[in-house]
Amino acid sequence: MTQIFLFQENGAFQVLNDPAPPEAIVRKINSGDWQTHLGFQLSRTCAWQAMRIGTIVIVYPPTPEEDKPQIHLTARDIQVLQALCSGLNLTQTAYHLRINPKTVQNRLNNIRLRFNAQTREELMAKATALGYVQPDLDCIFD
């Protein structure tokens, strides 16, 4: 049983238990699919990121830095970005997030405009550099 320590934006703290291994939980949350492990009762306006420390998973909302450009992204936008940065293609992202592939493409185009990125790769690099997403490096190098 994996313990998930969930730190919410409002300062609330919650401990959840999940039968999945910690690596799988971190991978799913960081690829944008946090509803599977955190449930739907949480705020959908918040994006979630996770890190594993031994057998414990710590989940937290990303905190914007003061000196980086403030780009407004919805939680679903961040899910799409996280899925793409974790190595999923558009079709896999759509299936993973249970939305239409055209919806993923439209969101991606809108996000690219907000980041002033010409390509998907440039968008992913900027989003990662600015701390909006954390790619699952274990998945990329497997």
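The values are calculated or read from the model by the stated rules, or taken from the named source; none is laboratory data. All values reported here derive from a predicted model rather than from experimental measurement. Cβ coordinates were reconstructed from backbone atoms using ideal geometry, including for glycine residues, and neighbour counts include every protein chain displayed.
Matching residues to (1) at pLDDT below 80; (2) outside the structural domain of I111 (by TED's automatic domain parsing); (3) hydrophobic (A, V, I, L, M, F, W, C); (4) in contact with a Leu (Cβ under 9 Å, 6 or more places away or on another chain):
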{"residue": "F13", "(1), (2), (3), (4)": "yes, yes, yes, yes"}
{"residue": "E23", "(1), (2), (3), (4)": "no, yes, no, no"}
{"residue": "S43", "(1), (2), (3), (4)": "yes, yes, no, no"}
{"residue": "C46", "(1), (2), (3), (4)": "yes, yes, yes, no"}
task = Answer yes or no as to whether V57 is modelled with pLDDT under 90, in contact with a His (Cβ under 9 Å, 6 or more places away or on another chain) and crowded, with 21+ Cβ neighbours inside 10 Å.
result = yes
message = If A83 meets every condition in (1) at pLDDT below 85; (2) closer than 17 Å to K126 by Cα; (3) among the small types (G, A, S) apart from one, which number is that one?
response = (1)
query = Would you call L97 modelled with pLDDT of 85 or more and among the hydrophobic types (A, V, I, L, M, F, W, C)?
reply = yes
Of residues in the stretch 19-38 being assigned to a helix (DSSP H, G or I) and within 10 Å of Q49 (Cα to Cα), the one nearest to the chain's Cα centre (by Cα) = N30
key: C139 being surrounded by fewer than 19 Cβ atoms within 10 Å (Cβ to Cβ), outside any loop (DSSP other than H, G, I, E, B) and at pLDDT below 90   = yes
query = Name the pairs whose Cβ atoms lie under 7 Å apart, with the first residue in the stretch 95-124 and within 15 Å of H72 (Cα to Cα) and in a helix (DSSP H, G or I), the second at pLDDT below 95 and small (G, A, S), and 6 or more positions between them or separate chains?
reply = F115/A127; L123/A117
